[in-house]
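Q: Here it is: the structure, laid out below.
The values are calculated or read from the model by the stated rules, or taken from the named source; none is laboratory data. The shown structure was predicted, so the numbers you read here are calculated from the model rather than taken from an experiment. Cβ: placed from backbone, ideal geometry, glycine included. Neighbour counts: every protein chain shown.
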Amino acid sequence: MIKLKYPLKYIAITSGYRSKSRPNHAAIDLGWNNKYGGQNAPIYAPANGKVILVVDGKNNNLQNSTDPGNLIKIQHLDGLTTRLIHLKKGSIKVKVGDIVTKGQQLALMNSSGYALGSHLHYDVWLNGIKVNPIDYTYYHDDQIVNLDTLKTYQLKKYQEEEVNSEFKLYDKVIPINLINWQGKKIKQYDKVYYITKLEPERKTVVLSALRNNKYQIWARLNINNIQKVS
Ligand SMILES: [Zn+2]
């Protein structure tokens, strides 16, 4: 399952998913902070994907309680879809069919449609059913989480923890075979090299050798070319 990224630099949940006081609110509301764009905070793509719906041109604070206002809907991998709602009129930079990348700025926050004050209404769908965004969304190193939000909702932190099921180990000696395209062993490296970094998006692992108590990068190998020695 891909890991979504919170669509704001500063993360503060002002209304949770189906809370006791709002059982029909199948989304989270995210607030703003003066240091990070205030009421017009930039909104970013939660993951790579394709834009499948854009609504723009709606005014703020409409009285019709079913009107979400200006929004972007994105289809991601693994059956996930996200919606970014109440966006600032005229701020949307993408159109239907565009391919977006995780972290790309898409629009600005505001209060278009039925909204009391500026905020981002963010919902996540799995195979067409609304799910709790905090189960699928992670905060990253370049984001700031409001302390109350962190405590109350125990948000998940993103870590590059695995390349695939075979290479989960970090900073640990494991013997590795270099293999050819047919899967045949070319050479075995053992006990000397450590996996010091995993790069899931590049499908590589970095092997380093320990010399004088320092790791020195020895090679960056594609996971298709290596195999753990069993
Ligand atoms: Zn909401």
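Q: Of the residues that make up segment 134-153, is at least one of a type outside the set (A, V, I, L, M, F, W, C), more than 16 Å from the chain's Cα centre (by Cα), surrounded by 12 or more Cβ atoms within 10 Å (Cβ to Cβ) and within 17 Å of ALA47 (Cβ to Cβ)? Don't jump to the end; show me each part of the working.
A: Here is the first cut: in segment 134-153, the ones of a type outside the set (A, V, I, L, M, F, W, C) are 135-143, 146, 148-149, 151-153.
With the extra rule that they be more than 16 Å from the chain's Cα centre (by Cα), the set shrinks to 146, 148-149, 151-153.
Among the residues that remain, those that are also surrounded by 12 or more Cβ atoms within 10 Å (Cβ to Cβ) are: 146, 149, 153.
Checking which are within 17 Å of ALA47 (Cβ to Cβ) leaves us with none.
No.
Q: List the strands (runs of 3 or more DSSP E) inside segment 87-140, counting only whole elements, that have at least 3 residues being within 16 Å of the ligand (Cβ to nearest atom).
A: Working: elements: 105-108, 120-126, 129-131, 137-139.
The qualifying strands (runs of 3 or more DSSP E) are 120-126.
Q: Would you pick out the residues in segment 6-22 that are surrounded by fewer than 16 Cβ atoms within 10 Å (Cβ to Cβ) and more than 13 Å from the ligand (Cβ to nearest atom)?
A: The initial filter retains those residues of segment 6-22 that are surrounded by fewer than 16 Cβ atoms within 10 Å (Cβ to Cβ), namely 14-15, 18-22.
If the condition is that a residue be surrounded by fewer than 16 Cβ atoms within 10 Å (Cβ to Cβ) and more than 13 Å from the ligand (Cβ to nearest atom), then LYS20 is the only one that fits.
Q: Here is a follow-up. Any residue that is assigned to a strand (DSSP E or B) and within 16 Å of the ligand (Cβ to nearest atom) - is there at least one of those in segment 142-149?
A: Keep residues of segment 142-149 that are assigned to a strand (DSSP E or B), which gives 144-145.
Add one more test, that the residue is within 16 Å of the ligand (Cβ to nearest atom), and what stays is none.
No; the residues of segment 142-149 include none that is assigned to a strand (DSSP E or B) and within 16 Å of the ligand (Cβ to nearest atom).
Okay, residues lined up against (1) at pLDDT below 65; (2) β-branched (Val, Ile, Thr):
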position: ALA115; (1), (2): no, no
position: HIS121; (1), (2): no, no
position: THR149; (1), (2): no, yes
position: LEU155; (1), (2): no, no
position: GLU166; (1), (2): yes, no
position: GLN182; (1), (2): no, no
position: GLN188; (1), (2): no, no
position: LYS203; (1), (2): no, no
position: TYR215; (1), (2): yes, no
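Q: Return the residues of segment 87-107 that are more than 18 Å from the chain's Cα centre (by Cα) and modelled with pLDDT of 95 or more; say none if nothing qualifies.
A: The answer is LEU87, LYS88, LYS89, GLY90, SER91, ILE92, LYS93, VAL94, LYS95, VAL96.
Q: Among what's in segment 69-79 and is in a loop (DSSP other than H, G, I, E, B) and crowded, with 21+ Cβ neighbours inside 10 Å, pick the residue that is nearest to the chain's Cα centre (by Cα).
A: Among those that are in a loop (DSSP other than H, G, I, E, B) and crowded, with 21+ Cβ neighbours inside 10 Å, it is HIS76.
Q: Given the residues THR101, THR82, which is the only one that is of a type in the set (Ser, Thr, Tyr) and surrounded by fewer than 19 Cβ atoms within 10 Å (Cβ to Cβ)? Steps first, answer last, please.
A: On the way: THR82 fails: surrounded by fewer than 19 Cβ atoms within 10 Å (Cβ to Cβ).
After ruling out the rest, the residue left standing is THR101.
Q: While we're looking at this one, here's another question. So LYS3 fits all but one of (1) in contact with a Leu (Cβ under 9 Å, 6 or more places away or on another chain); (2) more than 13 Å from the ligand (Cβ to nearest atom); what number is the exception?
A: (1)
Q: If LEU30 meets every condition in (1) surrounded by 17 or more Cβ atoms within 10 Å (Cβ to Cβ); (2) farther than 23 Å from TYR114 by Cβ apart from one, which number is that one?
A: Only one criterion is unmet by LEU30, namely (2).
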